[in-house]
Amino acid sequence: MATEFHNLQELRHSASLANKVFVQRDYSEGTTCKFQTKFPSELESRIERTLFEDTVKTLNNYYAEAEKIGGQSYLEGCLACATAYVIFLCMETRYEKVLKKIGRYIQEQNEKIYAPRGLLLTDPIERGMRVIEISIYEDRGSSGSSSGSSSTSGSSAR
């Protein structure tokens, strides 16, 4: 089993990046922001399948919540038009609030689940909402000088 790390700071300072895994967007239901829940084989020795799938499903639910159109979204749009979009200098949109919630969730998952296993999730917003990037770290003392990247391949219609 891989070296266990206790927190994000320790992971970043005492480990070297060994590999990156990318979880692609799932376009099977249209262009809504949804990521594939297919478990990457590179993570098999690092994290349980259910933990990974729960994380991706939760992220998918948050993105669905952010993109849901309701009364608040309608009101924000009307206020934006009425004020020539100046209102957005004074207030945060519902979408921005959910994106911050997602950022906090990813930070929490990294601290509690991923960092202790030598993994680090990157917020999809930092990758243009195209992928969830998972960095795999190894202890600098261990012999593992392979550095590359791979991606989970999923045939998805665009």
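The values are calculated or read from the model by the stated rules, or taken from the named source; none is laboratory data. What you see is a predicted model; the values in this text were computed from it and never measured. Reconstructed Cβ throughout: ideal geometry from the backbone, glycine too, with neighbour counts over all protein chains shown. Accessible surface is based on the protein model in full, side chains and every heavy atom, while ligands, DNA and RNA are left aside. Shrake-Rupley method; radii C 1.70, N 1.55, O 1.52, S 1.80 Å.
What is the sum of charges, Lys and Arg at +1 and Asp and Glu at -1, for the other residues whose Cβ falls under 13 Å from the Cβ of residue 52? That works out to 0.
A probe of 1.4 angstrom, applied to the heavy atoms of all protein chains, finds residue 51 with accessible area near 50 square angstrom.
Comparing segment 28-101 with the 2.2 N^0.38 Å rule of thumb, its C-alpha radius of gyration ratio is 1.52 (two decimals).
If you take all C-alpha pairs in segment 10-143, what percent of them are over 21 Å apart?
Numbers: 4382 of 8911 pairs.
The share of Cα pairs beyond 21 Å in segment 10-143 comes to 49 percent.
If you take the alpha carbon radius of gyration of segment 52-91 and divide it by 2.2 N^0.38 Å, what ratio comes out, to two decimals?
Details: Rg = 14.5 Å, N = 40, 2.2 N^0.38 = 8.9 Å.
Its radius of gyration relative to the 2.2 N^0.38 Å reference: 1.62.
Given R0 = 25 Å, the distance between the Cβ atoms of residue 93 and residue 31 translates into a calculated FRET efficiency of 0.80.
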